[in-house]
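Structure first, commentary second.
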Amino acid sequence: MFPIVYQRQLSASVFEMGVTAPAIARKARAGQFLMLRVDEHGERIPLTFSDWSAEEGWVRFIFMRVGKTTHQLSHLVAGDSLVDVVGPLGVATHVEGLGRVAVMGGGVGAAVAYPVARAMAEAGAEVTVILGARNRELLILEDEFRALPIKELIVMTDDGSAGEKGLVTAPLKRLCEAGEIDSSMAIGPAIMMKFCAATTKEFDVPITVSLNPIMVDGTGMCGACRVSVGGETKFGCVDGPDFDGHAVDFEQLMSRQRVYSDIEREADADFSKECSCHL
Amino acid sequence: MSPVEDAAAEKPRHRPSRAPRTPMPERDARERAMTFDEVGLGYTEEMAVAEANRCIQCKNPTCIEGCPVNIDIKSFIAGIIEGDYTRAIAVLKERNALPAVCGRVCPQEEQCEASCVLARKGEPVAIGRLERWLGDFDLSCDLEHRCAPVVGEPSGRRVAVVGSGPAGLACAGELRRFGHAVTVFESLHAPGGVLTYGIPEFRLPKAIVQAEIEMLEVMGVELVTDVVVGATYTLDDLLGEEGFDAVFVGNGAGLPMFLGVPGENLNGVYSANEFLTRVNLMKAYEFPTYDTPVARGRKVAVVGGGNVAMDAARTAKRLGAEEVFLVYRRSEDEMPARREEVHHAREEGIEFKMLCSPAEIVGRDGFVTGMVATRMELTEPDASGRRAPVCVLDSDFTIECDTVIIALGTRANPLLSQTTPDLEVSSRGYIVTDEDGATNKPGVFAGGDIVTGSATVILAMGAGKKAAQAIDRWLDATKRS
Ligand SMILES: Cc1cc2nc3c(=O)[nH]c(=O)nc-3n(C[C@H](O)[C@H](O)[C@H](O)COP(=O)(O)OP(=O)(O)OC[C@H]3O[C@@H](n4cnc5c(N)ncnc54)[C@H](O)[C@@H]3O)c2cc1C
Ligand SMILES: Cc1cc2nc3c(=O)[nH]c(=O)nc-3n(C[C@H](O)[C@H](O)[C@H](O)COP(=O)(O)OP(=O)(O)OC[C@H]3O[C@@H](n4cnc5c(N)ncnc54)[C@H](O)[C@@H]3O)c2cc1C
Ligand code: SF4
Ligand code: SF4
Ligand code: FES
């Protein structure tokens, strides 16, 4: 059992949670993820570390309520426990010797961008962070990013309710055009990463993307998480989750993410019927 | 004189029966294709005794050599003949900690039963079925009345076991007999390895695996799930900070292989590992009571000819598929699956498409709609007697299907070896060991599929047990003074 020690709601559908997991906390690094199960009937789902403390023995993650498991998770509070937490999984994000780098976090992707930007800055990179959200309500971690030793934070919203109005690709394009970045990293919905990759490609600026294919075990055993990168099949969980954004087949990734949409929606609808919260 | 021979000497001479081999009752094929309940129903006591009585108690029991762990088959059968089941179980467990499992899944027809003298003239003694019956008999007793191997005096030494498959479990049990403290680390949330996530319920009920594991816990084996060695701890952490005196690595060969044909990443294409894991480990067949989904295909094509392919095909059928095709490159004679499994698959209505090789998987809107296959023919046998499959020109045809399951075998998962650069592995990533399971790294031993490549449950158990003995010797030799 992994006790929940911390829970906080960041927006209408985004939550942060901390659990006691000393062995995992000692090894966690930026860009890596964990797999968890809520209860004995639960699915294994992957979530990326948003923070951790080796000294205090906890790890945190931020999740968006999208289906049954994240829905159940959103009902748990400090004092409850998760049956399983495994990690750290995946290859840590490469943060050394990056020079000037732009980090894009779209939606809940900001949660992953946070430790990545922090690790890059700690490793000496000059980091520009671009956060994108649909509106002010959905913008997360803005204060936390402002507290990091980064060069600049640019906020973009679809409706202009915070920061500039527009998509993250607009400032990304400006930075590329001005020759102000040597490389970049995008974390967020597949479609956002796809457009970031297209933007940087024009200027030959390298881009790393953090992929989120559907997973079962997270340890290389099943191949559910396979993605096409440069025409080769890779396993997201052990070869990634970070890949060269210019080589990724995003269409396939998006298609594979939809494989269970219909049946999952049923399961969540069943659960919501019994559930007292108003999703 | 051993107690067994002693007992035999006092009893009137055993008169073997000449009855034909006792068949084991099975669930009806039509009924069973709709449920995950076990297919084989096992012997009753009368059947077991009748079958045991067919054994002629050879002076030179050749059956024993056929068993990879050399179970004293003659003696355990003698125990059944004489009605001393407790002794029979003790004889079995002396060599095999999981008889209820091996009695079900061992390829007996190629091992012990192939070496039984009766096989030469007719039908061998059904050794596997007797083993299963005894194993089940033992498990049907309360925990405190089961046959528990004696645990040794605490040695003060600690051994870590990586992986809770048959190799790891056998190693752990044996180490307890020597009195060493044992902690088993398992990366998944449930122990058992392939016994839990691979072999389906209808062939090996999970309650049996669970009960066998409980026994190990009673023996004092500590089991820690949710730990990926190579990630949560490295091997060096275990030998350093975590304070273990030795490590046994039994992490299996769990990395699935794919065909490398176009369309393989379409939705509806699974590795057998994923398909079986979703169904067995995550209980997707009880979705939405359990949260993990699996595609319930209407027409399913399974690629491969081994036990894994049979398991996947029969599982797909049970999930409600109307048609399940087994697509294999060679002919039925070359199929590596157990005859019994092939027979069961046929009975359950699996269609065999032999001498076919997948060339492409085709789809619409991201989902599978069919598989293009090429017809094959076999060449004349070469010097080694092997007949190679070759393509028949312009013979492509399409099999309509909405799900494809690829059961081509597995390779070594590099997760652990990558984080232990000084551990010697072969060019294909398998851990290199000597005969006793010792690796090139002091204090690190290995066995099972990670050393041999995909093999069998009993071979993995044998390797785990042998390594435990080597670990015991190594601990003795390195005793802290
Ligand atoms: C390496 C990795 C890291 C991730 N990190 C985070 C994170 O830090 N925060 C976060 O909120 N989410 C993260 N995700 C996505 C998260 O795992 C899914 O949102 C979660 O599994 C959904 O579970 P559910 O039961 O609530 O929803 P489901 O009912 O399973 O699915 C609801 C919807 O989400 C889609 N979906 C399901 N699984 C995934 C997936 N793996 N990726 C994308 N879409 C999916 C489904 O198609 C469906 O439309 C990560 C995914 C991966 C692979
Ligand atoms: C579908 C299927 C059907 C089969 N049918 C038969 C049959 O009928 N008869 C037969 O004799 N054999 C059969 N086999 C083969 C047999 O199951 C294997 O040879 C045997 O299980 C190998 O045992 P093992 O202990 O080496 O590995 P496994 O059983 O693979 O166990 C390895 C364990 O280690 C864990 N692990 C992996 N990496 C790590 C890590 N880094 N840290 C911690 N834990 C880790 C895994 O999760 C797993 O639990 C079948 C195999 C499959 C897949
Ligand atoms: S372990 Fe397997 S090979 Fe050995 S006697 Fe039992 S069934 Fe036969
Ligand atoms: S070889 Fe066959 S008949 Fe002889 S002892 Fe073994 S099982 Fe019995
Ligand atoms: S999630 Fe199973 S191999 Fe990656």
ask   = Looking at segment B:66-102, which of the residues that are of a type in the set (Asp, Glu) and more than 20 Å from the chain's Cα centre (by Cα) is surrounded by the most Cβ atoms within 10 Å (Cβ to Cβ)?
value = B:ASP72
request  = Return yes when A:GLY107 is within 10 Å of ligand 1 (Cβ to nearest atom) and within 14 Å of chain B (Cβ to nearest Cβ) and no when it is not.
outcome  = no
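Name the one entry in B:VAL69, B:VAL49 that is among the hydrophobic types (A, V, I, L, M, F, W, C), more than 9 Å from ligand 4 (Cβ to nearest atom) and free of Cβ contacts under 8 Å to residues at least 40 places away in the same chain. Can you show your working first?
Numbers: B:VAL69 fails: free of Cβ contacts under 8 Å to residues at least 40 places away in the same chain.
Result of the check over B:VAL69, B:VAL49: B:VAL49.
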Enumeration of residues in segment B:291-305 that are at the interface with another protein chain (Cβ under 8 Å from one of its Cβ atoms) and either closer than 18 Å to B:VAL324 by Cα or touching a residue at least 40 places away in the same chain (Cβ under 8 Å) (or both) = B:ALA295
request  = Give just the number: which of (1) closer than 27 Å to B:ASN280 by Cα; (2) of a type outside the set (Lys, Arg); (3) surrounded by 16 or more Cβ atoms within 10 Å (Cβ to Cβ) does B:SER140 not satisfy?
outcome  = (3)
Unique match (being more than 8 Å from chain A (Cβ to nearest Cβ), surrounded by fewer than 21 Cβ atoms within 10 Å (Cβ to Cβ), of a type outside the set (A, V, I, L, M) and closer than 30 Å to B:VAL362 by Cβ) among B:GLY240, B:GLY263, B:GLY220, B:GLY198 = B:GLY263
message = Among the residues of segment B:133-146, are any away from chain A (no Cβ under 14 Å), within 16 Å of ligand 4 (Cβ to nearest atom) and more than 18 Å from B:ASP449 (Cβ to Cβ)?
response = yes
ask   = Between a first residue in segment B:21-39 that is touching a residue at least 12 places away in the same chain (Cβ under 8 Å) and a second residue that is aromatic (Phe, Trp, Tyr) and part of a loop (DSSP other than H, G, I, E, B), which pairs have beta carbons less than 8 Å apart while being 6 or more apart in sequence or on different chains?
value = B:THR22/B:TYR43; B:MET24/B:TYR43; B:ARG32/B:PHE202; B:THR35/B:PHE202; B:PHE36/B:PHE202; B:ASP37/B:PHE202; B:GLU38/B:PHE202; B:VAL39/B:PHE202
Hey, B:ARG54 surrounded by 18 or more Cβ atoms within 10 Å (Cβ to Cβ), charged (D, E, K, R), assigned to a loop (DSSP other than H, G, I, E, B) and not assigned by TED's automatic domain parsing to the domain that holds B:PRO205 or not = yes
note = B:VAL247 fails exactly one of (1) assigned by TED's automatic domain parsing to the domain that holds B:ALA207; (2) assigned to a loop (DSSP other than H, G, I, E, B), namely (2)
message = Tell me whether segment B:279-290 contains one or more residues that are part of a loop (DSSP other than H, G, I, E, B), in contact with a Pro (Cβ under 6 Å, 6 or more places away or on another chain), without any contact (Cβ under 8 Å) to a residue 60 or more places away in the chain and basic (Lys, Arg).
response = no
key: Identity of the residue in segment A:198-246, of a type in the set (Gly, Ala, Ser), in contact with a helix residue (DSSP H, G or I) (Cβ under 9 Å, 6 or more places away or on another chain) and farther than 27 Å from B:THR292 by Cα, that ends up farthest from the other protein chains (Cβ to nearest Cβ)   = A:ALA198
remark   = Those residues of segment B:361-377 that are more than 11 Å from every other protein chain (Cβ to nearest Cβ) and more than 31 Å from the chain's Cα centre (by Cα) come to a total of 8
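Are there strands (runs of 3 or more DSSP E) fully within segment A:1-108 with at least 1 residues that are surrounded by 22 or more Cβ atoms within 10 Å (Cβ to Cβ) and among the β-branched types (Val, Ile, Thr)? List them.
Per the criteria, A:14-20, A:45-53, A:58-64, A:84-89, A:100-106.
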remark   = B:SER187 fails exactly one of (1) assigned to a helix (DSSP H, G or I); (2) crowded, with 21+ Cβ neighbours inside 10 Å; (3) among the polar types (S, T, N, Q), namely (1)
inquiry  = Give me the residue from segment B:266-288 that is at the interface with chain A (Cβ under 7 Å from one of its Cβ atoms) and over 28 Å from the mean Cα position of the chain (by Cα) and, out of that set, nearest to B:VAL372 (Cα to Cα).
reply    = B:ASN267
ask   = Which fully enclosed helices (runs of 4 or more DSSP H) of segment A:143-248 have 2 or more residues being within 16 Å of ligand 2 (Cβ to nearest atom)?
value = A:236-239
query = Quick one: is B:VAL308 modelled with pLDDT of 90 or more, more than 11 Å from every other protein chain (Cβ to nearest Cβ) and either surrounded by fewer than 21 Cβ atoms within 10 Å (Cβ to Cβ) or not in a helix (DSSP H, G or I) (or both)?
reply = no
remark   = In segment B:396-407, anything crowded, with 19+ Cβ neighbours inside 10 Å and part of a loop (DSSP other than H, G, I, E, B) is listed as B:CYS401, B:ASP402, B:ALA407
message = Being of a type in the set (A, V, I, L, M), within 16 Å of ligand 5 (Cβ to nearest atom) and either free of Cβ contacts under 8 Å to residues at least 40 places away in the same chain or touching a Leu at 6+ places or on another chain (Cβ under 8 Å) (or both) is the filter here; which residues of segment A:191-218 pass it?
response = A:LEU211
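Would you be able to say whether some residue in segment A:180-190 is farther than 23 Å from A:LEU10 by Cβ, without any contact (Cβ under 8 Å) to a residue 40 or more places away in the chain, surrounded by 17 or more Cβ atoms within 10 Å (Cβ to Cβ) and assigned by TED's automatic domain parsing to the domain that holds A:VAL103? Give the derivation first.
From segment A:180-190, those farther than 23 Å from A:LEU10 by Cβ are A:180-184; that's our starting set.
Next cut, without any contact (Cβ under 8 Å) to a residue 40 or more places away in the chain only: none.
No - not one qualifying residue is present in segment A:180-190.
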query = Quick one: in segment A:219-230, which of the residues that are among the aliphatic types (A, V, I, L, M) and touching a Leu at 6+ places or on another chain (Cβ under 8 Å) is nearest to ligand 1 (Cβ to nearest atom)?
reply = A:VAL227
Count of residues meeting criterion [acidic (Asp, Glu) and more than 12 Å from chain B (Cβ to nearest Cβ)] in segment A:37-92 = 4
request  = Please give the number of the condition A:ARG118 fails out of (1) of a type outside the set (S, T, N, Q); (2) out of contact with any Pro (no Cβ under 8 Å at 6 or more places or on another chain); (3) within 13 Å of chain B (Cβ to nearest Cβ).
outcome  = (3)
query = Any idea which residue in segment A:230-250 is nearest to B:THR403 (Cα to Cα), counting only those that are without any contact (Cβ under 8 Å) to a residue 24 or more places away in the chain and surrounded by fewer than 21 Cβ atoms within 10 Å (Cβ to Cβ)?
reply = A:THR233
message = Residues to consider are A:MET193, A:MET156, A:MET185; find the one that is more than 15 Å from ligand 1 (Cβ to nearest atom), aliphatic (A, V, I, L, M) and in contact with a strand residue (DSSP E or B) (Cβ under 9 Å, 6 or more places away or on another chain).
response = A:MET156
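The values are calculated or read from the model by the stated rules, or taken from the named source; none is laboratory data. Since we're looking at a predicted model, the values are computed, not measured. Positions of Cβ are generated from backbone atoms using ideal geometry, with glycine treated the same way; all protein chains shown enter the neighbour counts.
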